[in-house]
């Protein structure tokens, strides 16, 4: 993991989606011409992009690897509230209404408070950080996120000494999340709301980012609008999306994937090439946009910064 | 069925079975294979392996239930296409996904049950494909050939297990495939049981009648 080094790309290089969308539009048009024999180019206009969101790049948290294409990061998602397929979130996320939005921060805190999203956006200075994202399924991306440390919010509500864990609740609203609607075949899925959690010291770690945007824009709905966390040394599912509630608690939270398949998804779920998923190896990963698999790094490359959180713990047992 | 009808039918099977490859080729050309093309190609080839395998396994039950004879003439073609897609599916895994990392792949085959059963299913398809010619049927003899080709059901079961074990929580299509296989197997088992029962009844009838009147058993003796 290379951090604290000069940026190898300019921020203007990150957003190349305009180019790829143009290519796609061209290809669709070309196909229409070939198929229909018509000269009319029936290109579908690209979906409306989210509004720009200003942030100061933080060179201390800038992965040297080139960022994933914006188009890939916004069309290849796991967001089960919209469906289990990778393209479901991008197709169906129009039903989510990220404004107005409020987030209750409560539980074992001296100053519980419900924040409006606009107020939260101003709680601390927005930074851009380029993090690696490793999915438990064996693929990874590099994403320029916009947000500020989760610690800043936690400090504001003053956790009591009894608070040991932080729980994140994703919105539960079947009108906005189609997959939360009850069907006949709803067996064996996830329980809603989606609940994730971190130990308090993990949540207070400077790497844990309360996130409002990516690629210089507000978060697209399919990426967890309007507010999510990003915990880059853990598998992606630990980073809860579209959060409406943050609770400080004394017991280890019962998290969504852990409840659904506890032998496969532990509470910690730190990225670890040594500890396989029961069904597949975690030793390598496919970086989206690359051809060859690359080795997975302990703690997703953030071992220098976070390994000390787990000193003395058997990471095979606490997977 | 007329010769022309058979040609038309087989041409249709060829077109349908090759359509997914054409689609994949088109999507490669237009760079439209999702953000994770390798995974998409592997999954598409796997889906079609399973569909064609189940289609070939459905031909005999179709005859049993509907009484149609012609589907049976498509069984071999569908089975060979299933084998073809299974080889492509495995080939992509070896070449594109793992790029000949033999040790990694061997470890995966030994350690990951879903890969173990997948590779076993493919291996079992090899003798079936090799003995699919008319010459091989003659050489093996119909009885041995039929016995060998019951392995097709074993590959069906293994292929379904492969899918059930790799599918993630919340997914449902694997259960649809599994239900279809259970249905097809059920029809075969029901058919075998029914025929055994009929045979036993006939034998019983013959022996009872025969005991009472030995001359009536004449025709069976001739057979």
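The values are calculated or read from the model by the stated rules, or taken from the named source; none is laboratory data. Here the structure is a predicted model, which is why all the values come from computation and not from measurement. So basically every Cβ, Gly included, is an ideal-geometry build from the backbone, and we count neighbours across all protein chains shown.
The figures follow:
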quantity	calculated
Filter result (over 12 Å from residue A:136 (Cα atoms), within 14 Å of chain B (Cβ to nearest Cβ), without any contact (Cβ under 8 Å) to a residue 60 or more places away in the chain and not in a helix (DSSP H, G or I)) within the stretch A:255-273	A:261, A:262, A:263
Residue B:65 vs. criteria within 14 Å of chain A (Cβ to nearest Cβ) and in contact (Cβ under 8 Å) with a residue 40 or more places away in the chain	no
Any chance residue A:262 is surrounded by fewer than 21 Cβ atoms within 10 Å (Cβ to Cβ) and modelled with pLDDT of 95 or more	no
Leading residue by the ranking (surrounded by the fewest Cβ atoms within 10 Å (Cβ to Cβ)) among those in the stretch A:51-71 that are at the interface with chain B (Cβ under 9 Å from one of its Cβ atoms) and over 16 Å from residue A:138 (Cα atoms)	A:71
Selection from the stretch A:149-164 of residues that are within 28 Å of residue A:130 (Cβ to Cβ) and touching a strand residue (DSSP E or B) at 6+ places or on another chain (Cβ under 6 Å)	A:150, A:153
Sole exception among (1) in a loop (DSSP other than H, G, I, E, B); (2) more than 30 Å from residue B:103 (Cα to Cα); (3) within 14 Å of chain B (Cβ to nearest Cβ) for residue A:240, by number	(3)
Failed condition for residue B:89, given (1) within 14 Å of another protein chain (Cβ to nearest Cβ); (2) at pLDDT 95 or above	(1)
Residue check for residue A:104: assigned to a loop (DSSP other than H, G, I, E, B), in contact with a strand residue (DSSP E or B) (Cβ under 7 Å, 6 or more places away or on another chain) and at pLDDT 95 or above	no
Some residue of the stretch B:19-41 being part of a helix (DSSP H, G or I), more than 30 Å from residue A:68 (Cβ to Cβ) and touching a residue at least 60 places away in the same chain (Cβ under 8 Å)	no
Number of positions in the stretch A:83-97 that are in contact with a strand residue (DSSP E or B) (Cβ under 8 Å, 6 or more places away or on another chain) and facing chain B (nearest Cβ under 9 Å)	0
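Results for (1) over 17 Å from residue A:222 (Cβ atoms); (2) buried (at least 19 other Cβ atoms within 10 Å of the Cβ); (3) modelled with pLDDT under 95, shown as yes or no for each residue.
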{"position": "A:156", "(1), (2), (3)": "yes, no, no"}
{"position": "A:165", "(1), (2), (3)": "yes, yes, no"}
{"position": "A:168", "(1), (2), (3)": "yes, yes, no"}
{"position": "A:179", "(1), (2), (3)": "no, yes, yes"}
{"position": "A:189", "(1), (2), (3)": "yes, no, yes"}
